[in-house]
Amino acid sequence: MKDAAPQTIYLKDYKPFGWIIDDVHLTFRLHPTATRVISRIRFRPDYEVHDRPFMLHGEGLKHISAKVDGHEVTLNHVEGGIEVEVPHAPFNWEAEVEINPQANTALEGLYMSNGMYCTQCEAEGFRKITWYPDRPDVMAQFTVRIESDAEHTPVMLSNGNGLYYEQDNAQSPAPNISIYQDPWPKPAYLFALVAGDLVAHEDTFKTMSGKDVRLSIYVRPGDEHKCAFGMEALKKSMKWDEEVYGREYDLDEFNIVAVDDFNMGAMENKGLNIFNSSCVLASPETATDGNFERIEAIIAHEYFHNWTGNRITCRDWFQLCLKEGLTVFRDAQFTADMRSEPVKRIDDVLALRARQFPEDQGPLSHPVRPESFQEINNFYTATVYEKGAEVIGMLKTLVGDDAYAKALDLYFERHDGQACTIEDWIKVFEDSTGRDLTQFKLWYSQSGTPEVTVREEYEGDTFTLHLTQSSAPTPGQDVKAPQVIPVAVGLLNDNGDEVLPTKILELTEAEQSFSFKGHATRPIPSALRGFSAPVTLTQDIDNARRAFLLAHDTDPFNRWEAGRDLARDSLIGTIVKGTAPNPDYLSGLKTLLRDDRLDPAYRALMLGQPSQSELAGILHKQGHTADPAAIHAATETLRDAKAKAFADLLPDIYAANQVAGPFSPDAEPAGKRSLSNAALSLLTRLDGGEAAEKQYKSAGNMTLQLAAFGALLDAGKGENAVAAFYDQWKDDRLVIDKWFSMQVMFANPEDLATTVTTLTQHADFDWKNPNRFRAVMGVMAAHHAGFNHESGAAYKVLADWLIKLDPVNPQTTARMCSAFQTWKRYDANRQALLKAQLERIAGQDGLSRDTTEMVTRILEA
Ligand code: ARG
Ligand code: ZN
């Protein structure tokens, strides 16, 4: 029997808890299969709202006892927890429960990873630890006592400052006790506990007011040499937040712990950030430049949450973008400051188009602030995070940098210590700028990607841009109102000189025109500079104009975008009409590649082209049926054409961008490596893998080794490297993830399903580890031509594994269901195959709430 339909939670139903917590004391008696959690909590009525039954959340708890003011009470079990008769006055709650961390494979609540205890409580994991009002608007001070035996858990950590530590070696087994106190009131989702055999990489940081903070990164013994980079990133983040946002750290210690089994990237628990080990551990031999940059960004992201998320948190989970959109925006600013601003912007737009656009243009489309959900974990999405950050960026563009800084100061001053809403956030900007943001707020409530069109007119000496905006229907939203869209525009003359520096046009209506007077010759517009809004832009221009912008645009983003537009147009031509790659695109690109004044990282990005999945989305929007095989063939043809057209240039670019000396993960050498590796990948199409073979043998770091490995696999000559790579790295879990991924990524489309099936039979395919599962299944789903092969074999492989994983780890299963979100793009045969798999998943007995919600949404729209 299928379980009853999951309950839907609505934003409009929000009600406060009804009680206030004075303080929380928790004692943990750790045991792998029977941990005791004893809670002592002081509650008092919230007299502004006193009409509610006293309800505490709890899930899977073995109840031992519960007392109110010292008297045992009866629990009334209700959906998601308990209700208890309590006095309408302050009272003390004492409860004891037992939980089983070892059996917790969902990795939510208190669980074990490689013999180490750790927690993940966001969003609603704390209810798996003890009875508690597990909602972000209930904030309290926590004191935590951890008791364990010292042999297995010499290190025991929680939030805040360590108050006390004792180990009694006279006894056997030696018991130890650790007490932590967090002076800052916080919601339960920020609670954390870690205990295990860990070693620390330590440092200190002096804050702007002169306080010393002890910094530690805790890892498993053997990983100590992979912490230095993360520590530097942490110190840079702390300094940057002081300098740019005036935010100082507020505890005596700051701890990071690396955990191998983790559903997401990392978690900002107060003073005790817990990281997926893939997002913090790095050494030159084992991590690529991409890994280093991502680690730096995630460390910054979690650190920045201390103010945007922890000191000011969310009233309810519908407000998730309040902390996530803002914190992603802040970490993007940080990366732009540490590295290259245009390169970061292009990377972010690539990610937005790869992940957020398909989401917003398909069955899973939802507003940045959703209005309902069944399982909140399904809403940690590209829309909430990345589009949420774009919305902050637009707000900053509209009000200006100074007004943004003032508004943020007011936000921190007004809301410190509170659980807030998007309304609070918008009000801060309205109050500090005097601007009415009613229409702007639609960015939070309307889903879908707005489409902007630009038409040009030139008459007398007046140049006019006619803009329109519209937005296609999305689930639950048939009709949309016009939004405020900041369109950054610059004007160029025929020589490529700027005749009008970047100006922000505020598009607020469905159709609107903007005129520029006094132009004796017809100017050339460069529109949506810096990708000033998360929209799709349609411009009535030809390839000659795009080639001009590719050669001359003074805005680095739009210059890159012009090349992208040419590549896309060329590829669509090949797919739909069988035309050859556009020679003007190739020659324009060649000129640019030769230009040594341009940053190598930027030139490497120029060499890229739209992904197969992006092309499928564009074709679908244009009313074509996306044929994955034809799309794959066209992208291969274009890459071959590039290799041929740049044949004389590639060896020089490759040679000129080799980096000598000891490895540094900084932006400059990393940029060179990304250009030389991009050149290598094309060279391999000409020399059959000779240069790649050489690079593979001599590589002194993972960036070079992995690129050479990929080039060899791409050339069909990876067999030896597959064996050698495994042999070299079999003891390094994170590198073996790469070994799995690379073989999936470079499989021939027709072999993908069998390649994956073979890999899943490998002894190292530890499918309960989310990183390993994603390294194979996530990469398979991203292999466009192979996953969508007409046989449907890969669809079935993925569905089989999702069905197997769901009872073990619903969260990771549900996230991966998004692989099926684009099913309506394809032909009737593929749609039938996809639908059959989705229905097979949906029909499983006891399917989790998480996965049920995902497959239902995908099937319904
Ligand atoms: N707040 C974390 C971050 O953005 C993400 C944690 C999400 N976890 C979850 N189970 N939904 O850094
Ligand atoms: Zn976050």
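Couplings for the stretch 128-140, taken from phi via the Karplus curve 6.51 cos²θ - 1.76 cosθ + 1.60 with θ = phi - 60°, read 8, 9, 7, 5, 6, x, 7, 8, x, 7, 9, 10, 8 Hz in order; Gly and Pro are left as x.
Kirkwood-based Rg over Rh for the stretch 686-792 (C-alpha set), two decimals?
On the way: Rg = 13.8 Å, Rh = 14.2 Å.
Reported Rg/Rh (Cα atoms, Kirkwood Rh): 0.97.
Across all Cα atoms of the stretch 58-97, the radius of gyration (one decimal) and Dmax (whole number) stand at 10.4, 29 Å. Each residue of the stretch 29-38 was assigned a 3J(HN,Hα) from its phi angle through the Karplus curve 6.51 cos²θ - 1.76 cosθ + 1.60 (θ = phi - 60°); the sequence is 9, 6, 7, x, 10, 8, 8, 8, 10, 10 Hz, with glycine and proline shown as x. Here the stretch 591-689 is described by how far its Cα atoms reach on the three principal axes: 51, 28, 24 Å, from widest to narrowest. Mean separation of Cα pairs under 8 Å and 6 or more residues apart, divided by the residue count, gives the stretch 416-507 a relative contact order of 18 percent.
Among the GluC sites (Glu not before Pro) in the stretch 365-467, those placed in a DSSP loop whose Cβ has at most 15 other Cβ atoms within 10 Å are GLU371.
Rounding to the nearest 20 debye, state how big the charge dipole of the chain is about its Cα centre with +1 on each Lys and Arg Cβ and -1 on each Asp and Glu Cβ. Don't jump to the answer; show the numbers that get you there.
Numbers: 86 positive and 125 negative charges, 254 e Å.
So the dipole magnitude of the chain works out to roughly 1220 debye.
May I ask you to derive the FRET efficiency for THR33 and ASP416 from their Cβ-Cβ distance with R0 = 51 Å, giving the value to the nearest 0.05? Working shown, then result.
Details: r = 41 Å, r/R0 = 0.81.
Working from the Cβ atoms, E equals 0.80.
Computed over the Cα atoms of the stretch 473-557, pair by distinct pair, the Kirkwood hydrodynamic radius stands at 14.5 angstrom. Shown here: the stretch 100-226, whose C-alpha atoms stretch 45, 41, 31 Å along the first, second and third principal axes, sorted largest to smallest.
For GLN418, the amide hydrogen comes within under 5 Å of the amide hydrogens of THR313, counting only partners 5 or more places away or on other chains and with H modelled in the peptide plane.
What whole-number volume per residue, in cubic angstrom, does the convex hull of the C-alpha atoms of the stretch 1-146 give?
Working: hull volume 19.4 nm³, N = 146.
Value for the stretch 1-146: 133 Å³ per residue.
For the stretch 503-535, the residues whose amide N sits under 17 Å from a probe point set 7 Å from the Cα of THR462 along the beta carbon direction are 512-523. Across the stretch 401-417, rounded Karplus estimates of 3J(HN,Hα) from the backbone phi angles (6.51 cos²θ - 1.76 cosθ + 1.60, θ = phi - 60°) give 5, 5, 5, 4, 4, 5, 4, 5, 4, 5, 4, 5, 6, 6, 10, 3, x Hz, Gly and Pro being marked x.
At an R0 of 41 angstrom, the distance between the Cβ atoms of ILE426 and LYS804 translates into a FRET efficiency of 0.40. Compared with the direct C-alpha span, the chain from ASP436 to VAL479 gains 13.2 nm at full extension, assuming 0.36 nm per residue.
For the chain, what does -39500 (n - 2.57) per DSSP helix run (n ≥ 4), summed and divided by total residues, give at 222 nm, in deg cm²/dmol to the nearest 500? Intermediate values should be presented prior to the final figure.
Details: 29 runs with 333 residues, N = 861.
Mean residue ellipticity at 222 nm (helix-derived): -12000 deg cm²/dmol.
In nm², what is the average projected area of the convex hull enclosing the Cα atoms of the stretch 291-359?
5.1 nm²
Kirkwood analysis of the Cα pair distances in the chain returns a hydrodynamic radius of 28.8 Å. Counted without the sites themselves, the longest stretch of the chain free of chymotrypsin sites (Phe, Trp or Tyr not before Pro) in a DSSP loop having at most 14 other beta carbon atoms within 10 Å is 48-861.
Read-outs throughout are calculated quantities, based only on the coordinates presented, and are distinct from any laboratory measurement. Nothing here was measured: the structure is a model prediction, and the numbers come from that model. Methodologically, a virtual Cβ is constructed for each residue, glycine included, from the backbone with ideal geometry; neighbour enumeration extends over all protein chains shown.
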